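The structure appears below as structure tokens.
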Amino acid sequence: MVVMVWSMFIGGGFGLLIGLAVLVGQMQAQESAWRAIARERRELGEQRRELAKAEFDRCSDCHRRRGR
């Protein structure tokens, strides 16, 4: 009986450790995904700013307005 209880305790402990390891792995994967999304948004923002600047530089009306 003691051996059975002891083996359940050890087995449960390993199960908890495995569960904890899985949760930590999932959290790291989620954090990595959020970082990738943030990086893409920053890059998109930079591209949009560059495009807006290029359009502004080519626009003759914009140049006239800026000169006023």
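Just so you know, all these numbers are worked out from the coordinates, no wet-lab data involved. Because the structure is predicted, anything quoted here is derived from the model rather than measured. For neighbour counting, all protein chains shown are included, and Cβ atoms are generated from backbone atoms with ideal geometry for every residue, glycine included.
Figures for the structure shown
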| read-out | value |
| --- | --- |
| Length added when fully stretched, V24-E40, from 0.36 nm per residue minus Cα-Cα | 3.3 nm |
| Inter-probe distance in nm under a simple model that places probes 7 Å from Cα toward Cβ, at D57 and A33 | 3.9 |
